[in-house]
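Step one of this worksheet: look at the structure below.
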Amino acid sequence: MRHHRVLPHTADTRLQITADSLEELFKGALEGLSEIVKHDVTTRSSDSSIVTQVDISSSDTTALLVDFLNNLLTKDVIEKVVFFDITELDLKNTRAKASVYGLAADSFDEDIKAVTYHGAQIQQDKDGNYKVELVLDV
Amino acid sequence: MITENNLTEISPVEWEIPLSFRSDMRVPARFFASKSMLSEILGDRSLEQLVNVATLPGIVGAALAMPDIHEGYGFPIGGVAATKWPDGVISPGGIGYDINCGVRLLKSDLTRMQLEPFKERLALDLSRSIPSGTGQGSKMTLDFAELDEVLTQGVGWALNKGYATQSDVDHTESRGRLDGADPAAVSDFAKKRGCAQLGTLGSGNHFVEVGFVEKIFDEEAARIIGLKQDQITILIHTGSRGLGHQVATDYIKIMLQELAEFGIELPDRELACLPFSSRDGQRYFAAMSAAANFAWANRQMITYRTREVWKRCVGVGDLPLVYDVAHNIAKVEEHVVDGTLTKVVVHRKGATRAFGKGFAELPEEYQRIGQPVIIPGSMGTSSYVLLGAAKAMEKTFGSACHGAGRVMSRHAAKAKQLGRELQTELAGEGIIVKTAAVRDLSEEAPYAYKDVDDVVNVIELAGIATKVARLKPLIVIKG
């Protein structure tokens, strides 16, 4: 189970993600980010099979999520693809290895400069669910 | 939560959050605003962010913010911080992702009335000739070797290629080139993002704006700068595009991993920093300088395209550059700290350099009056030309505001009015707006910003800069 929503922020965009596992949190965050980059990307049907591999390490799990998203955001821009669907994910505390599918895109709906670390902190509630808010620089 | 009770009034336009407010502050936090602006400023987290800046290792004087302050991430936008060279920190968050986002002003020989017959054609040609909007690529794609030349030379690269004049170089802050730039410190990811983006506006609040001089405040300074009543001017506002964004992303990640090694504890990860003298502090400064040079070359290439369009549509004059200022940058400068001339690393995030008279880097004519400071307003409202004044050197490490400053989120602004309605409304005021994404236009509506007149009045009352001229828009090409 995963869910994301966009919250207001004076200058930028704030993305809130909730999920019942860390893996789902990563998947939900990427879906949320991708839907801002290209609004209909997660609902478009396509036979595209563009895939990229990510292998990234960071100082802690929250930084790992931010770095993971930034890595894919960079690939979006360079390859003109919106990577949104994590099909394989091997998640350790500070390392993520993933296969991610994407769709080619001639244009984007939003130019996100970066996912920032500002105020980001993955939190787990008493029921074991995860939550994080990310500020995107747009 | 910071309230008005936590503020000490230094003057009617200057406020301080004292060192005693939080135990981890190394210097006070000080900001410039009128009393009537306080409720808006206290309404978001910008002052909490300013207090966080006051905790940075090596910070001197005070953590400062201009009257266009608003909530950012890490640093507030409108923030200025100086850290002691060479062992104080450098923080990519104190510069922002859009390294050397900045603005330049061109002047023409035409008056508003004389432009009228060409206005529609000029608007259309500018919108077609200058790539703008999300993901729009350049008319040129550079290979890495050529890109490295841009990163090293900045506007000098454009001069060598015939895209700039010597006067353009002379009328650009730092003459359009930071010496310490090193392309080897810029990642391949960043270079791949930048190689097809030279000469592009990007999106968000970036724009090309044709306007006119609506009011002159200082006749003598205006004469020296070459501005007259009703004269047509052109503003260009953009930065280092994806290349700069990637440099910031790369080095914030690196710095976060090295914080513990240097014993640095921060209240917000986005303030990630390292001693300026450390290996990666130096590498970041070299990469940031390269991205700054890219941004200056970017604004120069848009200038070149604008001049081509002007020649085609109007055919009169050559649009000389008044001045180009950066507003997201870090620089090594000398300022008086505790009575002693001290070398510091000045971070300006959404703040403009505003040096007074006599600064040797300035063109000769400006050395007599001070550095022009270009303040773009929000779409459809006024912009200003100011001059840096002596108090800026005493109070703000030679810095002024950079614009009006947002008060409403993009989301809320968009919800308030349809982009098409705003476009029609502005057309009714004689302002042609061209954009690739009309649905997003109201994100930048005037109501989403503070009143730029109020912001500039505070700057003048504080003695940081003085008003020379006010500009009004006629054509806006929105990124």
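Structure data summary
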{"quantity": "Gyration tensor verdict on segment B:367-406 (Cα atoms; rounded if a/c is under 1.5, prolate if a/b is larger than b/c, oblate otherwise)", "calculated": "oblate"}
{"quantity": "Prolate/oblate/rounded label for segment B:117-194 (Cα gyration tensor, a/c 1.5)", "calculated": "oblate"}
{"quantity": "Other-chain or far-sequence residues with amide H under 5 Å of B:D68's (modelled H)", "calculated": "B:H402"}
{"quantity": "Segment A:14-138, Rg to Rh (Cα coordinates; Rh as Kirkwood inverse mean 1/r)", "calculated": "0.94"}
{"quantity": "Using a Förster distance of 51 Å, the FRET efficiency for A:K126-B:S36 (Cβ separation, nearest 0.05)", "calculated": "0.65"}
{"quantity": "Chain B: Cα Rg divided by the 2.2 N^0.38 Å rule of thumb", "calculated": "0.91"}
{"quantity": "Length-normalised contact order for segment B:285-353 - Cα pairs under 8 Å, 6+ apart - percent", "calculated": "24 percent"}
{"quantity": "Rg/Rg_globular for segment B:244-334, with Rg_globular taken as 2.2 N^0.38 Å and Rg from C-alpha atoms", "calculated": "1.55"}
{"quantity": "With at most 11 neighbouring Cβ atoms within 10 Å, loop GluC sites (Glu not before Pro) (DSSP) excluded, longest segment of chain B", "calculated": "B:1-264"}
{"quantity": "Segment B:367-403: trypsin sites (Lys or Arg not before Pro) in DSSP loop, at most 16 other beta carbons within 10 Å", "calculated": "B:R368"}
{"quantity": "Lysines with Cα under 30 Å of B:K416, excluding same-chain neighbours fewer than 8 positions away", "calculated": "A:K38, A:K113, A:K131, B:K35, B:K119, B:K349, B:K434, B:K450, B:K472, B:K478"}
{"quantity": "Residues B:T466, B:T172, A:T94 arranged by fewest to most Cβ contacts within 10 Å", "calculated": "A:T94, B:T466, B:T172"}
{"quantity": "Summed side-chain charge close to B:E443 - residues other than B:E443 whose Cβ falls under 14 Å, Lys, Arg +1, Asp, Glu -1", "calculated": "0"}
{"quantity": "Mean-position separation - Cα centroids, segment B:300-326 and segment B:83-133, in angstrom", "calculated": "12 Å"}
{"quantity": "Net charge over other residues, Cβ less than 13 angstrom from the Cβ of B:M393 (K, R count +1; D, E count -1)", "calculated": "+1"}
{"quantity": "C-alpha long axis of helix B:279-313 to longest principal axis of chain B, angle in °", "calculated": "10 degrees"}
{"quantity": "Estimated dipole of chain A in Debye, rounded to 20 [Cβ of Lys and Arg +1, of Asp and Glu -1, Cα centre]", "calculated": "220 debye"}
{"quantity": "Mean separation of Cα contacts under 8 Å, 6 or more apart, over the residue count of chain B: relative contact order %", "calculated": "22 percent"}
{"quantity": "As computed over segment B:186-229, the Cα convex hull volume per residue (Å³)", "calculated": "149 Å³"}
{"quantity": "Formal net charge of residues neighbouring A:H39 (Cβ-Cβ distance under 9 Å; K, R +1; D, E -1)", "calculated": "-3"}
{"quantity": "Cα long-axis angle, helix B:119-129 against chain B (0 to 90 degrees, to the nearest 10)", "calculated": "60 degrees"}
{"quantity": "Candidate lysines - alpha carbon under 30 Å from B:K343, same-chain residues fewer than 8 apart omitted", "calculated": "B:K84, B:K253, B:K331, B:K357, B:K391, B:K395, B:K467"}
{"quantity": "Given charges at beta-carbon only (K, R positive; D, E negative), |dipole| of segment B:151-268 in Debye", "calculated": "600 debye"}
{"quantity": "Per-residue HN-Hα couplings for segment B:76-88 [Karplus 6.51, -1.76, 1.60; θ = phi - 60°; Hz; x = Gly/Pro]", "calculated": "x, 7, x, x, 9, 9, 10, 10, 5, 7, x, 9, x"}
{"quantity": "Charge dipole (segment A:50-124, unit charges on Cβ, about Cα centre) - positive-most of A:N93, A:I50, A:A114", "calculated": "A:N93"}
{"quantity": "Ascending count of other beta-carbon atoms within 10 Å, so fewest first, for B:F31, B:F75", "calculated": "B:F31, B:F75"}
{"quantity": "Long-range tail of P(r) for segment B:299-358 (Cα pairs > 19 Å, %)", "calculated": "54 percent"}
{"quantity": "Radius of gyration, Dmax [segment B:1-124; alpha carbons; angstrom]", "calculated": "19.4, 63"}
{"quantity": "Relative contact order of segment B:247-341, pairs being alpha-carbon contacts under 8 Å that are 6 or more residues apart, as %", "calculated": "19 percent"}
{"quantity": "Neighbour-count ranking [beta-carbon atoms within 10 angstrom, fewest first] of B:C101, B:C401", "calculated": "B:C101, B:C401"}
{"quantity": "Chain B: angle of helix B:419-428 to the longest principal axis, Cα-based, in degrees nearest 10", "calculated": "60 degrees"}
{"quantity": "Long-range Cα-Cα pairs in segment B:328-428 (distance over 18 Å), rounded percent", "calculated": "60 percent"}
{"quantity": "Against the rule of thumb 2.2 N^0.38 Å, how large the Cα Rg of the protein assembly as shown comes out", "calculated": "0.91"}
{"quantity": "Magnitude of the charge dipole, segment A:18-73, Cβ model with Lys/Arg +1 and Asp/Glu -1, debye to 20", "calculated": "200 debye"}
{"quantity": "Value of Rg to Rh for segment B:278-388 (Rh from inverse mean 1/r over Cα pairs, i.e. Kirkwood)", "calculated": "1.03"}
{"quantity": "Options B:A260, B:G242, B:Q231, ranked by Cα towards positive dipole end of segment B:227-270, top entry (Cβ charges)", "calculated": "B:Q231"}
{"quantity": "Segment A:59-130: C-alpha gyration tensor shape, a/c 1.5 cut-off, then a/b vs b/c", "calculated": "prolate"}
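Values in this text are rule-based calculations from the coordinates and carry no lab data. Since the structure is predicted, the reported quantities are computational estimates derived from the model, not experimental observations. Cβ atoms come from the backbone with ideal geometry, glycine included; neighbour counts cover every protein chain shown.
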